[in-house]
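The values are calculated or read from the model by the stated rules, or taken from the named source; none is laboratory data. Nothing here was measured: the structure is a model prediction, and the numbers come from that model. Quick reminder, even Gly has a Cβ in these numbers, built from the backbone with ideal geometry, and neighbours come from all protein chains shown.
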Amino acid sequence: MAPPFDAVHHVCIVVPDIDAAITFYEKIGIGGWQDFPPLSAFTDLDVPDRDAFLGLTYKCTDTPGLQLQLCEPGPGDSPQRQFLDRTGGGVFHIGFVVDDVDAGTEAARAAGLEPWMYGRRPDSTGFTYLQTPALAGVVLEIRQSPNT
């Protein structure tokens, strides 16, 4: 399997105030923001701080060809909080969609990219963040959407 970076799904932007960010985006014509599905759906979770992960607030909107996600970290010690505190906010990760997140994770590993964090739902869909900030300037994520 080739590395799983053929199909960009979304860009995730960490912000200090999600409501203010939505107001800005709506003023420039990017609307339709919705709550992200509950993070508690990830029952198999490997993150530095589970409570901090569950304390993240996400909103998303679909634009032609790309989903935008906004993330406001809670007070917990999540990588997103650390990123916000260090940078003031910005693009945290770029998400690529795959048909099978576990196979995609193995393909990334075969390409020399190590997993950093992951979450899986009971149906085996979910995400893997890769340890790429020092190499790519941003976290690369692979994800498999929930089965419908």
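Every condition in (1) over 20 Å from Leu45 (Cβ atoms); (2) in contact with a Pro (Cβ under 6 Å, 6 or more places away or on another chain) is met by Thr128 except one, and the failing one is (1).
In the set Phe36, Phe42, which member is more than 16 Å from Ala136 (Cβ to Cβ) and either basic (Lys, Arg) or in contact (Cβ under 8 Å) with a residue 60 or more places away in the chain (or both)?
On the way: Phe36 fails: either basic (Lys, Arg) or in contact (Cβ under 8 Å) with a residue 60 or more places away in the chain (or both).
One residue alone meets the criteria, Phe42.
Out of all the residues in the stretch 1-16, is one or more surrounded by fewer than 17 Cβ atoms within 10 Å (Cβ to Cβ), at pLDDT 95 or above and charged (D, E, K, R)? Among the residues of the stretch 1-16, not one is surrounded by fewer than 17 Cβ atoms within 10 Å (Cβ to Cβ), at pLDDT 95 or above and charged (D, E, K, R), which makes the answer no. Exactly one residue among Glu114, Glu141 is exposed (fewer than 14 other Cβ atoms within 10 Å of the Cβ), charged (D, E, K, R) and either in contact with a helix residue (DSSP H, G or I) (Cβ under 7 Å, 6 or more places away or on another chain) or at pLDDT 95 or above (or both), and that residue is Glu114. Annotation note: Cβ proximity below 7 Å between a residue of the stretch 19-32 that is surrounded by 11 or more Cβ atoms within 10 Å (Cβ to Cβ) and a residue that is among the small types (Gly, Ala, Ser) (sequence gap 6+ or interchain) occurs for no pair.
Filter the stretch 45-98 down to the residues that are among the acidic types (Asp, Glu) and in contact with a helix residue (DSSP H, G or I) (Cβ under 6 Å, 6 or more places away or on another chain), then identify the one that is modelled with the lowest pLDDT.
Here is the first cut: in the stretch 45-98, the ones among the acidic types (Asp, Glu) are 46, 49, 51, 62, 72, 77, 85.
Filter again for in contact with a helix residue (DSSP H, G or I) (Cβ under 6 Å, 6 or more places away or on another chain), leaving 72, 77.
Details: Glu72: 98, Asp77: 95.
Residue satisfying both the conditions and the ranking: Asp77.
State the number of residues belonging to the stretch 73-93 that are more than 13 Å from Val138 (Cα to Cα), in contact (Cβ under 8 Å) with a residue 24 or more places away in the chain, touching a strand residue (DSSP E or B) at 6+ places or on another chain (Cβ under 8 Å) and not hydrophobic (A, V, I, L, M, F, W, C). Qualifying residue count for the region: 1. Scanning the stretch 43-77 for residues that are in contact with a Phe, Trp or Tyr (Cβ under 6 Å, 6 or more places away or on another chain) and among the hydroxyl-bearing types (Ser, Thr, Tyr), we see that the one that is nearest to Thr128 (Cα to Cα) is Tyr58.
Selection of the stretch 116-145 for residues being touching a Lys or Arg at 6+ places or on another chain (Cβ under 9 Å) and more than 18 Å from Val11 (Cα to Cα) yields only Thr125.
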